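Down below is the structure, laid out as structure tokens.
The values are calculated or read from the model by the stated rules, or taken from the named source; none is laboratory data. All figures in this text were calculated on a predicted structure; none of them were measured in a lab. With ideal geometry, Cβ positions are generated from the backbone for all residues, glycine too; neighbour counts draw on all protein chains shown.
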Amino acid sequence: MIDKLEMFIALAKERHFGRAAEAVGVTQPTLSSAIRQLEDTLGVQLVFRGSRFQGLTPEGERVLERAQRLVADARALRQEMRAVRHGLVGTLRLGVIPTALPRVAELTVPFLARNPDVRVTILSRTSSAILAGIGSLDLDAGITYLDNEPLGRVTQVPLFRESYRLLVAAGAPLAARASVSWAEVAAEPLCLLTGDMQNRRIVNDLLTAAGVVAAPQVESNSTIALAAHVATGRWASVVPEALAAMFARASDLASVPITAPAVSHSVGLVAPLREPYPPMLAALLDEAQRLAS
């Protein structure tokens, strides 16, 4: 039954029978047969079918929610039994907002030191994609903003406060300043993260409060691309303090604190709200609590 629910979850995610079959490592006829068997067992139609996948039925949407919980519990049970026999073993999938990537090692390094047989996969994701990934079981946990958007039913552990810096080329007029205001930032030619990023929405609000609408000539979902454009001397960017410090050390860039007003936002670990936690997730939450204290 659990394997059929796994296939059903994959189909709901991929919205394509072939891709779903590939995702779970079976043939398309095997997956199609499993979905029909699941429908027969439950006595309802789960999927609208035509020449291709056409979506889940209302009953299918309800079953999906329960399926995700059941599969999560089954995975947690398997992990717990492995931990009893061998200690923590396996892969932890961690989604991280791009602006927090410079600080993720503060959590993962001590976690892996305590759990040497665990591997961590770190994936750069938007804040909304992290929450969706946790809900769909594609991610085990995430590092995201805690105070800027509804998080739903998740466990939260604050890790640090994110403050902001103006990133400019070392020879730029503002590079030697002790600080700048948001109004001065607004006057610069900017390159910023794309609008689907929570950091960009934060910056938009701060620039709006300074009396302007952000209109960057360059947008990217990659902070590396932003730094590359700043390095040309033609643009400036707004990035978190840790990211600005990393770029300033690695290249000919300057990091200038932004005040008037000085603003910060809480960033932390989020994980599915369920107890007992799977052993690996419990160990990660313990490490986050140590980091936060």
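Brief remarks follow.
- Options Asn199, Asn204: the member that is under 15 Å from Val263 (Cβ atoms) and out of contact with any Pro (no Cβ under 8 Å at 6 or more places or on another chain): Asn204
Residues checked against (1) in contact with a Phe, Trp or Tyr (Cβ under 9 Å, 6 or more places away or on another chain); (2) modelled with pLDDT of 85 or more; (3) among the aromatic types (Phe, Trp, Tyr); (4) closer than 23 Å to Arg274 by Cα:
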position	(1), (2), (3), (4)
Asp3	no, yes, no, yes
Arg15	yes, yes, no, no
Pro29	no, yes, no, no
Ile35	yes, yes, no, no
Leu56	yes, yes, no, no
Leu70	no, no, no, yes
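- On inspection, Leu88 does not qualify as among the aliphatic types (A, V, I, L, M) and not in a loop (DSSP other than H, G, I, E, B).
- Tally, over segment 46-68, of residues that are over 19 Å from Gly18 (Cα atoms), without any contact (Cβ under 8 Å) to a residue 24 or more places away in the chain and not in a loop (DSSP other than H, G, I, E, B): 6
- Residue in segment 211-223 that is modelled with pLDDT of 95 or more and among the small types (Gly, Ala, Ser) present: yes
- Scanning segment 263-286 for residues that are touching a strand residue (DSSP E or B) at 6+ places or on another chain (Cβ under 7 Å), surrounded by fewer than 16 Cβ atoms within 10 Å (Cβ to Cβ) and in a loop (DSSP other than H, G, I, E, B) yields a single hit, Leu273.
- Residue satisfying condition, being in contact (Cβ under 8 Å) with a residue 60 or more places away in the chain and either within 19 Å of the chain's Cα centre (by Cα) or in the same structural domain as Arg103 (by TED's automatic domain parsing) (or both), within set Ser237, Ser266: Ser266
- Matching entry among Ala34, Ala67, Ala76, Ala21 (being of a type outside the set (S, T, N, Q) and in contact with a Pro (Cβ under 8 Å, 6 or more places away or on another chain)): Ala76
- Checking each residue of segment 174-191 against the condition of being touching a helix residue (DSSP H, G or I) at 6+ places or on another chain (Cβ under 6 Å) and at pLDDT 95 or above gives at least one match.
- So Ala67, is it more than 23 Å from Arg15 (Cβ to Cβ) and in contact with a helix residue (DSSP H, G or I) (Cβ under 9 Å, 6 or more places away or on another chain): no
- Residue, farthest from the chain's Cα centre (by Cα), within segment 11-31, restricted to residues that are buried (at least 19 other Cβ atoms within 10 Å of the Cβ) and more than 18 Å from Gly135 (Cβ to Cβ): Leu31
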